[in-house]
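The structure appears right after this line, and notes come after that.
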Amino acid sequence: MTSLTNSPTKSPRPADARISVIGAGPGGLTCARVLQRHGIAVTVYDRDPDAASRDQGGSLDLHEDDGQLALREAGLLDDFFALARFEGQEMRQLDTAGRVLAHHLPSEDEKACPEIDRGQLRELLLGSLAPGTVQWGRTLASVGGPADGPRTLTFTDGTTVETDLVIGADGAFSRVRAALSPATPHYTGVGFLEAWFDDMEHAHPELSALVGRGSAHAADGDRGLFAQRNGKGHMRVYLIRRAPVDWIPAGGLRPEDTEGIRARLLGEYADWSPELLRMITDNDGPYVDRPIFALPAPHTWEHAPGVTLLGDAAHLMPPLGVGVNLAMLDAAELALALARATTVDDAVRDYEKTMLPRSSETARMLDGAAGSLLEVPDPENLARAADPHA
């Protein structure tokens, strides 16, 4: 078992501190990048074996007032704009017959919330970091150590690392969170079933025309779907349903039983148009079950020296367009607080004074809102529903 020792008697200066970020997602990497821009050393630990070991998920829209602000602090906003899909801001609201009820078509110079594939964003952030910043294959088991620090990170391989600040950027089921809060995510009762489509223009031209260059949403009150164009000709469709979290095994199915799951879905969506049903029948490959979890709203904690959280680890909410943007804003603000403060503890206190009220307000607004993805929009509000700036 390895261990690093050098216990401080009080909170150190950020420039002298051992800072550990757990999780190499957009939030954790943004935090590391902004810290390094200000000359502060940091190490990121991630459980993935390497940067390319798994699919990073679908497309993200980064907003002017949070995600893009974070990238500006990271010195990467122009690089983001060079990669972003501005046409991805197009949004269509459909009825279950496939008719367009509302349509937002972005202007040529619109930069409110352009799209980027999650994998591209991760590559951009990783490429901006000093070599060796991210240690791959390091799965955190627990955070220990005295309340006044230093903290001890214990990994599943038996190694330990002593650190002056551990930043939990490790997502919904954070291992760092337990050092601050007993809260655990709860299932919202709504789940996504993800379907992938490749080579849209050639293999799926009808669906390409139906969805457009951005995204399309349809719902009937009991079920819904959200189709989203990704880069390089790909598309992901999220079939949205109220279902038990174990609906696949409870229904006698297995995750790899694509035909069995498809038959179940076709029965549930039977009264939808043949055009929309192609989003169930024509996918390339298996479905991916993604039950939606959320933390209690609001989720707060008493300040503790040497530990804090950002992003989903701090405020997991339904996927309604705020998650990655809040995570990156959290990350930039925490890094800037560390760059400006006299001690690590002062920085964490300043960060949490801003982040916790902001996330609490947003979490209250979105509490229970996963079901809104199944609702038929009010005709008077269709334009608002299709306009991401409204």
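A few remarks follow.
- First in the range 291-303 and crowded, with 17+ Cβ neighbours inside 10 Å, second anywhere and of a type in the set (K, R), Cβ under 7 Å, 6 or more apart: A297/R364
Conditions tested, residue by residue: (1) among the aliphatic types (A, V, I, L, M); (2) buried (at least 19 other Cβ atoms within 10 Å of the Cβ).
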position	(1), (2)
E73	no, yes
A84	yes, yes
R92	no, yes
A102	yes, no
E110	no, no
E115	no, yes
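- For the residues G88, G58, G28, G67, the requirement of being surrounded by 18 or more Cβ atoms within 10 Å (Cβ to Cβ), modelled with pLDDT under 95 and of a type outside the set (A, V, I, L, M, F, W, C) singles out G58.
- Enumeration of residues in the range 31-41 that are under 18 Å from Y351 (Cβ atoms) and surrounded by fewer than 24 Cβ atoms within 10 Å (Cβ to Cβ): Q36, R37, H38, I40
- Q135 buried (at least 18 other Cβ atoms within 10 Å of the Cβ), under 30 Å from A169 (Cα atoms), touching a residue at least 24 places away in the same chain (Cβ under 8 Å) and of a type in the set (S, T, N, Q): no
- Index of the failed condition, A370 passing every other in (1) touching a Ser or Thr at 6+ places or on another chain (Cβ under 6 Å); (2) modelled with pLDDT of 95 or more: (2)
The values are calculated or read from the model by the stated rules, or taken from the named source; none is laboratory data. This one's a predicted model, so the numbers in the text were calculated from it and none came from an experiment. Backbone-built Cβ (ideal geometry, glycine too); neighbour counts: all protein chains shown.
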